[in-house]
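Novice: What follows is a single structure, and I will ask about it in a moment.
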Amino acid sequence: MQKTANTTFQSRFIKKKYPASAGSRNSNRPSSDGSSSFDSRKKPSYFGGNSGSSSDGRGDRRSQGQSSSYGNSRPSSGGFRRSSGGGRNSRPKRSFGESIDISKFVKKSSDIQQKELTEITHKFSDFALCEPILQNLKHKKYETPTPIQDQAINHLLEGRDLIGLANTGTGKTAAFLLPLINKVWNDKSQKVLIIAPTRELAQQIEVEFRQFSWNMKLFSAICVGGAPVFKQIGNLKRNPHFVIGTPGRLKDLSERGLVDFTKFNNIVLDEVDRMLDMGFVDEIKEIVKQLPEDRQSLFFSATMPIKIRDLVTKILKDPITVEIKSGQTTENVDQDIVRVRDREMKFTQLSEILRQDDSKKVLIFIETKAEVEKLTRNLVTEGFKADSIHGDKKQHQRQRALTSFKRDDINILVATDVAARGLDINDISHVINYTVPQTYNDYIHRIGRTGRGMKKGSALTFVDAR
Ligand code: AMP
């Protein structure tokens, strides 16, 4: 990497499609403007002292406000179309995918102070929440509502339907749980159904439910795939106030007559865009069809594509919309790319990044379950403390990997998009996209796992630079 003058990352890209040319990288790189870029082949150590400008390459680059990039290219149109063929290792076969402008993977985190300027107009005590909930909030050390809580809770307490345009990391779980717990506390005939795309997200919601409803004698049942159904059936038979589940298992249990959706007068659909991406649209429609007409409906999604808007009009009545810009969840994240010129070197490049001192807790994404398995095996063989989660693993294996990661028994977790959906692990230092995500929305979801709260995070995306 050449030493470069200070530069803002985005204005320096050459307008070129990735990976339109396998030609010289230098042809992509402006020589006059002094942008930096990372050449993985010449500089085997991505962050290391060889990176050109200093003995502390990456840190210095950052402090100078620079960014490495893939040939500093910003496609003016089209951008990067996912290849349906490509190489076996770095670019698995895909039949679809969005055109992602590769410059979107390069962004310096903004000044964290800005985040503090978001105006919060309420304290928790301003909301008409019952005393036990306020106590539980204190116990959980929640002092100030997050923007989505600030904007949504009063409307939800009034019984309004809601569209929450927000990602994981915004505090949306408490935004819907607190008013609903309050509602059930005041009227025990209320029953709440919460549907989430993945087991992990459903489990996280249940954990938060228990914390917020501590000592309130409210019960929940979790209904997710990959876990023994008998316990779930047992919990359902206790007529819980809250049922939290994934669409497939819920539908299965309802077909077996074990859960009756007509009894739920409150529904929360969480991460709807992801549920639709995962092909759960029929299950959702089927479940919603059985709900009573007179109900409160809450709908959370990071994005609002047309197919979701259709669903919204069918499910919600006169909803209010609260939008928390998805950028807010990634503004603390330094985003950069790692150019892979030689597929054989890709794993070496990854290992070097993982050996850096600042790679404290790393979540690595790859597309397929087989790739997740293979990479995890290779990392463990290399001596890294790594484990994996993906859809083919049993729930207890996934949970064990997650717990080890949360407790720092391991510091590397390799995952598919689906398995890592909505994971709430606060101190992830790096998200590494070992393969480029299918869509930019997936990318945002992935990198939103780091840079939580007021912490800085790093996101690195491996791109094929051949
Ligand atoms: P969520 O978007 O619901 O997954 O929440 C993201 C993280 O923020 C979780 O670890 C929550 O426990 C945490 N959180 C949510 N609301 C608050 C709050 N008002 N104060 C402090 N932490 C919060």
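Novice: Filtering the stretch 182-207 down to residues that are among the polar types (S, T, N, Q) and within 29 Å of residue 394 (Cβ to Cβ), which residue is farthest from the chain's Cα centre (by Cα)? I'd like the intermediate steps shown before the answer.
Specialist: Initially, the stretch 182-207 is screened for residues among the polar types (S, T, N, Q), giving 182, 186, 189-190, 198, 203-204.
Filter again for within 29 Å of residue 394 (Cβ to Cβ), leaving 198, 203-204.
On the way: 198: 12, 203: 15, 204: 13 Å.
Taking the candidates together, the pick is 203.
Novice: For residue 148, state whether it is modelled with pLDDT under 95, farther than 23 Å from residue 238 by Cβ and outside any loop (DSSP other than H, G, I, E, B). Please lay out each step first, then the result.
Specialist: On the way: modelled with pLDDT under 95: yes; farther than 23 Å from residue 238 by Cβ: yes; outside any loop (DSSP other than H, G, I, E, B): yes.
Criteria met by residue 148.
Novice: Also, quick follow-up: Could you tell me whether residue 186 is at pLDDT 75 or above, open to solvent by 70 Å² or more (accessible area, probe 1.4 Å) and more than 15 Å from the ligand (Cβ to nearest atom)?
Specialist: So residue 186 fits the description; yes.
Novice: Consider the stretch 446-466. How many of its residues are at pLDDT 85 or above and in contact with a Lys or Arg (Cβ under 7 Å, 6 or more places away or on another chain)?
Specialist: 3
Novice: If you don't mind, another one. Which residues, counting only those in the stretch 312-326, are buried (at least 21 other Cβ atoms within 10 Å of the Cβ) and in a helix (DSSP H, G or I)?
Specialist: Once the filter is applied, which keeps residues that are buried (at least 21 other Cβ atoms within 10 Å of the Cβ) and in a helix (DSSP H, G or I), the stretch 312-326 yields only 315.
Novice: So, one more: Here is a list of conditions, (1) of a type outside the set (A, V, I, L, M, F, W, C); (2) open to solvent by less than 10 Å² (accessible area, probe 1.4 Å); (3) under 19 Å from residue 109 (Cα atoms); (4) modelled with pLDDT under 85, and residue 443 meets all of them except one; can you say which number that is?
Specialist: (4)
Novice: Next up: Is it fair to say residue 205 is outside any helix (DSSP H, G or I) and under 20 Å from residue 275 (Cβ atoms)?
Specialist: Considered against the rule, which asks whether it is outside any helix (DSSP H, G or I) and under 20 Å from residue 275 (Cβ atoms), residue 205 comes out as no.
Novice: One residue is enough: does the stretch 209-227 have a residue meeting the conditions in contact (Cβ under 8 Å) with a residue 40 or more places away in the chain, under 30 Å from residue 392 (Cβ atoms), small (Gly, Ala, Ser) and within 16 Å of the ligand (Cβ to nearest atom)?
Specialist: Checking the stretch 209-227: not a single residue is in contact (Cβ under 8 Å) with a residue 40 or more places away in the chain, under 30 Å from residue 392 (Cβ atoms), small (Gly, Ala, Ser) and within 16 Å of the ligand (Cβ to nearest atom).
Novice: What are the pairs, 6+ residues apart or on separate chains, where a residue within the stretch 164-183 that is at positive phi has its Cβ under 8 Å from a residue that is near the ligand (Cβ under 7 Å from one of its atoms) and not aliphatic (A, V, I, L, M)?
Specialist: What qualifies is 169/424; 169/452; 171/145; 171/146; 171/149.
Novice: Next question, about the same structure. For residues that are farther than 23 Å from residue 274 by Cα, within 13 Å of the ligand (Cβ to nearest atom) and of a type outside the set (Asp, Glu), scanning just the stretch 146-175, find the one that is surrounded by the fewest Cβ atoms within 10 Å (Cβ to Cβ).
Specialist: Only one residue fits best here, namely 151.
Novice: Also, quick follow-up: Write out, first by first residue and then by second, each pair whose Cβ atoms fall under 6 Å of each other, whose residues are 6+ apart or on separate chains, and whose first residue, in the stretch 238-258, is farther than 20 Å from residue 273 by Cβ while the second is in a helix (DSSP H, G or I) and open to solvent by 10 Å² or more (accessible area, probe 1.4 Å).
Specialist: Correct list of pairs: 258/233; 258/236.
Novice: A further question on this structure: Suppose the filter is within 16 Å of the ligand (Cβ to nearest atom), surrounded by 18 or more Cβ atoms within 10 Å (Cβ to Cβ) and not aromatic (Phe, Trp, Tyr); does residue 389 pass it?
Specialist: Numbers: within 16 Å of the ligand (Cβ to nearest atom): no; surrounded by 18 or more Cβ atoms within 10 Å (Cβ to Cβ): yes; not aromatic (Phe, Trp, Tyr): yes.
The answer is no for residue 389.
Novice: Okay, moving on. Need at least 3 residues that are under 27 Å from the mean Cα position of the chain (by Cα) and more than 25 Å from residue 165 (Cβ to Cβ) per element, so show me which strands (runs of 3 or more DSSP E) inside the stretch 208-301 make the cut, counting only ones lying wholly within it.
Specialist: Details: elements: 220-223, 242-245, 266-269, 296-301.
Output list reads 220-223.
Novice: What residue, among those in the stretch 132-145 that are open to solvent by less than 40 Å² (accessible area, probe 1.4 Å) and within 25 Å of residue 449 (Cα to Cα), is nearest to the ligand (Cβ to nearest atom)?
Specialist: Filtering the stretch 132-145 for residues open to solvent by less than 40 Å² (accessible area, probe 1.4 Å) gives 132-134, 136-137, 145.
Subset that is within 25 Å of residue 449 (Cα to Cα): 137, 145.
On the way: 137: 8, 145: 5 Å.
The qualifying residue nearest to the ligand (Cβ to nearest atom) is 145.
The values are calculated or read from the model by the stated rules, or taken from the named source; none is laboratory data. Computed from a predicted structure; not experimentally measured. Cβ coordinates were reconstructed from backbone atoms using ideal geometry, including for glycine residues, and neighbour counts include every protein chain displayed. Ligands, DNA and RNA are stripped out before the accessible areas are found, and what is left, the full protein with its side chains, is counted by its heavy atoms. Shrake-Rupley method; radii C 1.70, N 1.55, O 1.52, S 1.80 Å.
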